[in-house]
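This report refers to the structure that appears directly beneath it.
The values are calculated or read from the model by the stated rules, or taken from the named source; none is laboratory data. Treat the numbers as computed from the prediction; the structure is a model and nothing was measured. All Cβ positions, glycine included, derive from the backbone under ideal geometry; neighbour counts span all protein chains shown. Just the protein is used for accessible areas: all its heavy atoms, side chains included, with ligands, DNA and RNA removed. Shrake-Rupley method; radii C 1.70, N 1.55, O 1.52, S 1.80 Å.
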Amino acid sequence: MIDAGVAGTLRVAPSILAADFGALASAVELVHDETDWLHVDVMDGHFVPNVSIGPPVVQSLRRYSDKFFDCHLMLSQPERYLAAFAEAGADGCTVHVEIGGTAALISQMRELGLRVGLAANPDTPFERVEPFLDEIDLLLLMTVFPGFGGQSFMPEVLVKVRSAREAIDRRALKVDLEVDGGIDERSAPLAIAAGANVLVAGSAIFSRPDPLTAARALRELAQRARP
Ligand code: DX5
Ligand code: ZN
């Protein structure tokens, strides 16, 4: 397992969903020097209306990257696949609170040695995830409805980001606060100023002519926006 680093550190996590699936290894290598984690979006066509990739792709990419693999499981039944992700080389997995069974999923992830993430959709209130804050390593607040890359950032989620940051700091928890969806040069500083410390970005990195420069620019903007 690759170490995630110190919780709360500013991190840029490129989402490979926006990369060329026929050339994933080179996409991952291309942004290596200006990014921190690798965000892997896994979709089942049930929890979200799209399908993407699974453990075999994680296993193949593992040979090309020494980054922390941050696997975002948009799955109705993640319990069926967590072991396969751990075996394939995932370092952390994030499951959605909306599917229920959160306590059992957290235990399963811990037993597998995975770093534990919990995600909430834009319309899921902070109160749904708050009871689990002591037990997780990462809280992912979606800033679009999951399923597709390239959507517009939803600024109304910033209130929830602030609430989450306050709760994490008040309780002195070692929990990363990640935002995902529509993160670009405009929205990244807003999310960071609201208290997020991990930025997931797909289109704003891989759909740009120069992904490495785009990743560096995001990080620099984020650094300046830190509270
Ligand atoms: C959306 C995924 C995101 C997505 C982000 O369902 O969870 O990680 O790839 O893509 P952009 O940055 O293009 O919104
Ligand atoms: Zn994601």
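Listing for the model above:
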quantity: Which numbered condition PHE145 fails, given (1) out of contact with any helix residue (DSSP H, G or I) (no Cβ under 9 Å at 6 or more places or on another chain); (2) in contact (Cβ under 8 Å) with a residue 24 or more places away in the chain; (3) in a helix (DSSP H, G or I); calculated: (3)
quantity: Residue match in the range 37-56 (condition: under 15 Å from the mean Cα position of the chain (by Cα), in contact (Cβ under 8 Å) with a residue 12 or more places away in the chain and more than 15 Å from ligand 1 (Cβ to nearest atom)); calculated: no
quantity: Sole residue being touching a residue at least 60 places away in the same chain (Cβ under 8 Å) and away from ligand 1 (no atom under 14 Å from the Cβ), chosen from GLY100, GLY22, GLY8; calculated: GLY8
quantity: Of the criteria (1) in contact with a Lys or Arg (Cβ under 7 Å, 6 or more places away or on another chain); (2) within 22 Å of LEU190 (Cα to Cα), which one ASP169 fails; calculated: (1)
quantity: Those residues of the range 214-223 which are free of Cβ contacts under 8 Å to residues at least 40 places away in the same chain and open to solvent by less than 70 Å² (accessible area, probe 1.4 Å), in sequence order; calculated: ALA214, ALA217, LEU221
quantity: When residues of the range 9-27 are limited to those that are touching a helix residue (DSSP H, G or I) at 6+ places or on another chain (Cβ under 8 Å) and open to solvent by 10 Å² or more (accessible area, probe 1.4 Å), the one farthest from VAL175 (Cα to Cα); calculated: ASP20
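Table: residues versus (1) open to solvent by 50 Å² or more (accessible area, probe 1.4 Å); (2) under 11 Å from VAL12 (Cα atoms); (3) in contact (Cβ under 8 Å) with a residue 40 or more places away in the chain.
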| position | (1), (2), (3) |
| --- | --- |
| ASP169 | yes, no, no |
| VAL175 | no, no, yes |
| GLU178 | no, yes, yes |
| ALA188 | no, yes, no |
| VAL198 | no, yes, yes |
| SER207 | yes, no, yes |
